[in-house]
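Everything below concerns the one structure shown next.
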Amino acid sequence: MRRFIICAVLFSFSAFAAFAQPINTVSLFGDEVQPGNRLHDVVVRLMDKGSTVPLAISGAIDSSMTQEDTTLPPEAKSAIAFNMSLSNAFYREMVVLNSLIEVTKSLIEENPDSVIEVITLGIVLYPDFAQEVLDGATLSGSINPDDAFIAVLQAGADPSSISLSPARGPAPEPIEPVGAGIGSGGTGGGDTTASTN
């Protein structure tokens, strides 16, 4: 009986310990190589400590802009500093959507005069995901695909990593003939050209 009680107590301690540990099941967009992912991680950690979303975002951005902070490379710091309100909006959207294509599309739709700035932010924060930025920009309808492609390249994307085809949708299905040739009475065979009589 004593062995049973000891086992039950140990089991309850281990079960309590398992529930007491925070379970982080949310995976942030991208990977730790991406500056945007690293900054997003700082935002989430500040939120875990009790900061509101806006305070966590502004705190993470402010700390990342200091000279000694290595979360962001210089080009990302410059892009963020160029339009702080847009940068804050970028991370407000990223906290909710956690999708670069959706954030790019949404921000461009909300800020049609800042299309190039949104594209630049996406590219410098997530350089390995330039295709997602291009697709989001194209899907917004605020910029034509060719101009979006050029803007993504000018923002520093690797040309070999992007293509216009995915954003334009699937290729149209080939059209199959409806029936037998015209002028054949639908019975098969016959001339496939229309009669001029």
Amide proton proximity set for Ile162, modelled H, under 5 Å, gap of 5+: none
Solvent-free Debye scattering, log10 I(q)/I(0), computed from the Cα coordinates of the stretch 32-164 at q = 0.12, 0.15, 0.19 Å⁻¹: -0.41, -0.64, -1.01
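Where a number appears in this text, it was derived from the coordinates with a stated rule and is not lab data. In this text, all values refer to a predicted model and were calculated from it rather than measured experimentally.
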